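The values are calculated or read from the model by the stated rules, or taken from the named source; none is laboratory data. Computed from a prediction, not measured in an experiment: that's the story for all the values here. Glycine also receives a Cβ, built like all others from the backbone with ideal geometry; neighbour counts cover every protein chain displayed. These area figures cover heavy atoms from the full protein model, side chains too; ligands, DNA and RNA do not enter into them. Shrake-Rupley method; radii C 1.70, N 1.55, O 1.52, S 1.80 Å.
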Amino acid sequence: MVTAPTPLEEELRALAGSVPDPELPVITLAELGVLRGLHLVGPGRVEVELTPTYTGCPAIEAMSADIERVLHDHGIPEVEVRTVLSPPWTTDAISAEGRRKLEEFGVAPPRPTAARHEQHAGGPVLVQLAIRCPHCGSTDTTLLSRFSSTACKALRRCEACREPFDHFKEL
Amino acid sequence: MTGAPVSTVPLSAALALGDDALVLSHRLGEWAGHAPVLEEEVALANIALDLLGQARTLLSLAGDEDELAYLREERAFRNVQLVEQPNGDFAHTIARQLYFATYQELLYGQLAAGDGPFAPLAAKAVKEVSYHRDHAEHWTLRLGDGTEESHRRMRAGLDDLWRFTGELFEPVDGLDVDWTALRDGWLTLVTKTVDQATLALPTGPQLGAWTAGAGRQGIHTEPFGRMIAEMQHLHRSHPGATW
């Protein structure tokens, strides 16, 4: 199925991509980079490919329901959202606009994963590159906890303005 | 959840990997409401959630995830005995995390590098598990190189669980893994962390006479029966119940 998308598919993909992330509603699914594909498989029948950020991310169900709703409202009666794992999602898939919105929302965006070394088993490695406080811009920040309100975030504190903030971890 | 057709998936391997993730997820979930600080409450629950997501994908490769999780008897579970061990105190849980997350990261790393049916899941999960290992390593350092009391407890946790670590390296049918390399890599990493934490690696045998590969054959330790009774109770009492 390596055919170029039709104008209708492009329109529907833009619609599905405009759905806000259920956990971080300031960014859209397109900006988060989790929408992998949309295909018109028959009249009024659409198949959508969605990839989870984390394997256990519970938001995937809300995302699927929201995509189905927005496409139903646009006159597509049959919508099937499929979850695809490969290639694995990475924080590099978050768009520049998505990063800007995250920072504006008070979440330090992930650093590019190219800056990470490969360690022993191919997982992400925490290089001590400075993470900027989204409130005051200081790079003098310290890690409080590796896991914050969701698995994809870490909790940090800014030593300049003393505010705690979430950091979207590199994956 | 993935595209691999069920027929190409080695059943025993899907159950081994899926049950490891499911059972450890449940044990970590038991910390909810009991962790020493709020940040750890959240961290352990997040690690449990990652593992639950992995378990769902893996068990779905083997059959119906709910039937497999909630309706199998104890002897049908294929998880290693390490993951079913009770939480104990916080140091004990961290010791279990250190042993298991280091193993799981290396195992998934090998599976991700291959082209078998588990490669897509492993390539995704290895990145998550690397944060679990990092979490366990930092706590091992902090507790081992902390107070006299935290050092004592961390050491006790490592000692108590050591005899369940040999089973991790028993070959699993259907997994294309270099088990010797896995064991060597694991030993190097765990030794490095333990040394840095001013602790010493336990010296006893890594296998009890009766525990060699036993969990993978469906033979489990006593606390496991009580754990799955709790885990399966709701589903068995109210079949088809929804939230």
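Any residue that is open to solvent by less than 10 Å² (accessible area, probe 1.4 Å), outside the structural domain of residue A:156 (by TED's automatic domain parsing) and of a type in the set (Gly, Ala, Ser) - is there at least one of those in region A:57-69?
yes
Are any residues in region B:36-58 outside any helix (DSSP H, G or I) and without any contact (Cβ under 8 Å) to a residue 40 or more places away in the chain, and if so, which ones?
Once the filter is applied, which keeps residues that are outside any helix (DSSP H, G or I) and without any contact (Cβ under 8 Å) to a residue 40 or more places away in the chain, region B:36-58 yields only B:37.
Which of the residues that make up region B:82-107 are open to solvent by less than 10 Å² (accessible area, probe 1.4 Å) and at positive phi?
none
Give the residues of region B:92-148 that are more than 8 Å from chain A (Cβ to nearest Cβ) and acidic (Asp, Glu), sorted by residue number.
Passing the criteria: B:115, B:137, B:145, B:148.
Would you please name the residue that is surrounded by the fewest Cβ atoms within 10 Å (Cβ to Cβ), looking only at residues in region B:11-61 that are over 15 Å from residue B:94 (Cα atoms) and hydroxyl-bearing (Ser, Thr, Tyr)?
B:12
Identify all residues within region A:147-168 that are surrounded by 21 or more Cβ atoms within 10 Å (Cβ to Cβ) and either within 20 Å of residue B:128 (Cβ to Cβ) or within 12 Å of chain B (Cβ to nearest Cβ) (or both); write none if there are none.
Correct list: A:147, A:148, A:151, A:152, A:153, A:154, A:156, A:167, A:168.
Can you tell me which condition residue B:176 does not meet? The list is (1) within 14 Å of chain A (Cβ to nearest Cβ); (2) of a type in the set (D, E, K, R); (3) closer than 29 Å to residue B:10 by Cα; (4) surrounded by fewer than 17 Cβ atoms within 10 Å (Cβ to Cβ), and all the others hold.
The failed condition is (1).
What residue, among those in region A:64-93 that are in a helix (DSSP H, G or I) and either basic (Lys, Arg) or within 14 Å of chain B (Cβ to nearest Cβ) (or both), is nearest to residue A:168 (Cα to Cα)?
Residue satisfying both the conditions and the ranking: A:91.
Conditions (1) surrounded by 15 or more Cβ atoms within 10 Å (Cβ to Cβ); (2) touching a strand residue (DSSP E or B) at 6+ places or on another chain (Cβ under 7 Å); (3) more than 18 Å from residue B:22 (Cβ to Cβ), marked per residue:
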site: B:142; (1), (2), (3): no, no, yes
site: B:147; (1), (2), (3): no, no, yes
site: B:183; (1), (2), (3): yes, no, yes
site: B:193; (1), (2), (3): yes, no, yes
site: B:198; (1), (2), (3): no, no, yes
site: B:221; (1), (2), (3): yes, no, no
site: B:224; (1), (2), (3): yes, no, no
